[in-house]
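> Got a structure here, written out as structure tokens. Questions coming.
Laboratory data are not the source of any read-out in this text; all were calculated from the coordinates shown. Here the structure is a predicted model, which means the values were calculated and not measured. With ideal geometry, Cβ positions are generated from the backbone for all residues, glycine too; neighbour counts draw on all protein chains shown.
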Amino acid sequence: MVATTQVHGRTTAIPGLHVFSVSKVGDDRGWFQEKFHRAKLLDAGLPESFRVVQTSVAFNKRGSTRGFHAEPWAKYISLVDGSAFGAYLDVRAGATFGSVVTVELTDETAVYVPAGVANSYQCLTDLHYLYSVDEHWSAAAYESATFVNLADPDAAVEWPIPLEEALLSDRDRSHPMLAKLP
């Protein structure tokens, strides 16, 4: 029998937010991994409605911290290498508004983030961050997103690298607090 990537999923306290373990298969030469295998992911909990239209990769330096961004599209996130701390904040109206889920991200972890859930991450090493979305990126769509300050006291995320020592964009530093959202 040929060894192949195994995928297992779990639900979280935020409805629709799924965390997947995606194994690697290796030998003395190196390793192989199916980063996105639709059939296996569907069996593990990926919503049938998620259809990838764009995949992007970002290189981030250790300490880089991005977010909270709740874009109007769903996304599937994984790391090519390195490790990160992911924090997800539900900004959708309803009983779970303000709920936070944190996940340790490695090259064997993936996260499905539904539209309306804010995504953020802090790089614990230099890394390549791979993400696939179900809508094409556009400046207009991005500007319609909901943004929340990474230091929001209501979200109360305990960042592994204190935000004062992390690398943040001026824009991410200036996002509003959760209580100020319309």
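> For the stretch 123-182, give me the residue count where each residue is surrounded by 13 or more Cβ atoms within 10 Å (Cβ to Cβ), aliphatic (A, V, I, L, M) and part of a loop (DSSP other than H, G, I, E, B).
13
> Quick one: which residue in LEU150, LEU181 is over 16 Å from the mean Cα position of the chain (by Cα) and either farther than 24 Å from GLN54 by Cα or not small (Gly, Ala, Ser) (or both)? Outline the logic, then answer.
On the way: LEU150 fails: over 16 Å from the mean Cα position of the chain (by Cα).
Result: LEU181 is the single residue among LEU150, LEU181 that is over 16 Å from the mean Cα position of the chain (by Cα) and either farther than 24 Å from GLN54 by Cα or not small (Gly, Ala, Ser) (or both).
> Continuing with the same structure: Out of ALA156, ALA141, ALA166, which single residue is over 25 Å from PRO72 (Cα atoms) and either in contact (Cβ under 8 Å) with a residue 24 or more places away in the chain or in contact with a helix residue (DSSP H, G or I) (Cβ under 6 Å, 6 or more places away or on another chain) (or both)? Steps first, please.
On the way: ALA156 fails: over 25 Å from PRO72 (Cα atoms); ALA141 fails: over 25 Å from PRO72 (Cα atoms).
Unique residue meeting the criteria: ALA166.
> Just need a number here: residues in the stretch 1-34 that are within 18 Å of the chain's Cα centre (by Cα) and either assigned to a strand (DSSP E or B) or on the phi > 0 side of the Ramachandran plot (or both).
Total satisfying the criteria: 11.
> Looking at (1) surrounded by 12 or more Cβ atoms within 10 Å (Cβ to Cβ); (2) within 18 Å of TYR112 (Cβ to Cβ), find the lone condition where ARG62 falls short.
Here ARG62 meets the rest and fails (2).
> Could I ask something else about it? Looking only at the stretch 56-110, which residues are assigned to a loop (DSSP other than H, G, I, E, B) and free of Cβ contacts under 8 Å to residues at least 60 places away in the same chain?
GLY82, SER83, ARG92, ALA93, GLY94, ALA95, PHE97, THR106 - these are the residues of the stretch 56-110 that are assigned to a loop (DSSP other than H, G, I, E, B) and free of Cβ contacts under 8 Å to residues at least 60 places away in the same chain.
> In the stretch 37-51, how many are in contact (Cβ under 8 Å) with a residue 24 or more places away in the chain and surrounded by 14 or more Cβ atoms within 10 Å (Cβ to Cβ)?
8
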